1. Run through region 1-92 and list the trypsin sites (Lys or Arg not before Pro) located in a DSSP loop whose Cβ has at most 14 other Cβ atoms within 10 Å.
2. Which of the GluC sites (Glu not before Pro) across region 7-76 are loop residues per DSSP, with 14 or fewer other Cβ within 10 Å?
3. Return the aspartates and glutamates within reach of Lys32: Cα separation strictly under 19 angstrom, same-chain partners fewer than 8 residues apart disregarded; answer none if there are no such residues.
4. Return a whole-number percent for the relative contact order of region 2-377, with Cα pairs under 8 Å and 6 or more residues apart as the contact set.
5. How much FRET efficiency would the formula 1/(1 + (r/R0)^6) give for Asp42 and Ile291, where r is the Cβ-Cβ distance and R0 is 22 Å, rounded to 0.05?
6. Run through all the Cα pairs of region 10-157 and give the fraction in each 5 Å bin from 0, expressed as whole percent.
7. Grab the DSSP H runs of the chain that are 4 residues or longer, score each as -39,500 (n - 2.57), total them, divide by all residues and round the 222 nm result to the nearest 500 deg cm²/dmol.
8. Quick one: net charge of Gly35's neighbours, Cβ under 14 Å, K/R +1, D/E -1?
Amino acid sequence: MTDLRAGALEALAQQTIELPSWAFGNSGTRFKVFGQPGVARDPFEKLEDAAQVHAHTGVAPRVSLHIPWDRVEDYGTLAKHAADLGLRLGAINSNLFQDDDYRLGSLTHPDAAVRRKAIAHHAECVDVMRATGSTDLKLWLPDGTNYAGQDDLRARQDRLAESLQEIYALLDPGMRLLVEYKFFEPYFYATDIPDWGTSLLHCLALGEQAQVVLDTGHHAPGTNIEFIVMQLLRAGRLGAFDFNSRNYADDDLIVGSADPFQLFRIMNEIVQNGALLDAGVNFMLDQCHNIEPKIPGQIRSVMNVQEATAKALLVDRDALREAQTAGDVLGANAVLMDAYGTDVRPLLAELREGRGLDADPYAAYARSGYQERIARERVGGRQAGWGA
Ligand code: LRH
Ligand code: MN
Ligand code: MN
């Protein structure tokens, strides 16, 4: 147990979690966006807020951007601002879902001119990556159809494959294309990248620099997500997570809030397959804080990922293997459940205090006065992007 604990502390000290810039802007559903006082008004302020999350947790040194939501004149200045705050810019997300031209699709659109426009947007994103030092280009394809017969499903896949090839060709060595899937929405009959299998097939056709993004909110209810994690790791193609929680659809709730046991099972596969630290998996959050305050929402999310990770690290792998080999069904399950049932908060408190941080980042932020200061100083916060 002491060995496990020491090993867990060591791994937790190296773990990093990437924050989404859009978590710091006002967001909402298609029904209402509730504005919050002090919310970030531009990408620079989003980085300042993200820096608070990193300052109190010590494990969130990168921020993903979304283009055009985070479009600025000079990305070098934005990257310098990040560096001054002790941060780096992470994945650059493209946006194929807010342009009138994309009504019938973007990379799959029947009209080559629209496809060219969508590809050109990725050239802009790659330029942003060069200016910011980012290495991950993240692409979620919203394309799909609403009615059977609306378009030729196979022709759409062929057009997609061609478009992806052009985007892949834009990458510099050392850059990755992360391809995200989602089973439905904004279209409701056939989505062009609905699942990990489709995403993986396209990545395999593209080459080593193409990897799959698993957004935990993008599956049908009841899907065994940890199985997908294992399968993608086995194929060497799990590039990143978009962590969030869902009860119904793509709810984008705080990771680990709806089903902490699922998050544990996911992190268990990560640890079991040696993918926590050096396997190239980018652990990103993709969440919106529609009614809760944003910086504490991100702090809570980071803490939830840390707790699930800590529990996964405490699984007694030798005992597990022994029970599995012996065919001890309940014994093997009990090894996992013992780890899941462990209160890891003291371990994480020790980790933080060892780095000179407060044992409770959430409480430390509340005491810091930052929230009151931004509420006073910032007027007229912006919407994160949806509908903006
Ligand atoms: C799509 C998605 C994708 C987008 C983000 C804002 O539902 O998960 O990652 O870029 O939401
Ligand atoms: Mn996502
Ligand atoms: Mn989503």
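1. Values: sites: Arg5, Arg30, Lys32, Arg41, Lys46, Arg62, Arg71, Lys80, Arg88; in loops: Arg30, Lys32, Arg41, Arg71.
Hits after loop and neighbour filter: Arg30, Lys32, Arg71.
2. Details: sites: Glu10, Glu18, Glu45, Glu48, Glu73; in loops: Glu73.
Those that pass, being in a loop and sparsely packed, are Glu73.
3. Glu185, Asp250, Asp251, Asp252, Glu292
4. On the way: 655 pairs, mean separation 70.3, N = 376.
Dividing the mean separation by the residue count of region 2-377 yields 19 percent.
5. Working: r = 23 Å, r/R0 = 1.03.
The pair Asp42/Ile291 has a calculated efficiency of 0.45.
6. 2, 9, 16, 17, 16, 14, 12, 7, 5, 2, 0
7. Working: 14 runs with 178 residues, N = 388.
After summing the helix terms and dividing by the residues of the chain, the value is -14500 deg cm²/dmol.
8. Working: positive: Lys32, Arg41, Lys294, Arg378, Arg382; negative: Glu292.
Here the charged neighbours net out to +4.
Each value in this text was obtained by applying a stated rule to the coordinates, not by laboratory testing. Note that the structure is predicted; figures quoted are calculated from it, not measured. All Cβ positions, even for glycine, are placed from backbone atoms using ideal geometry, and neighbour counts span all protein chains on display.
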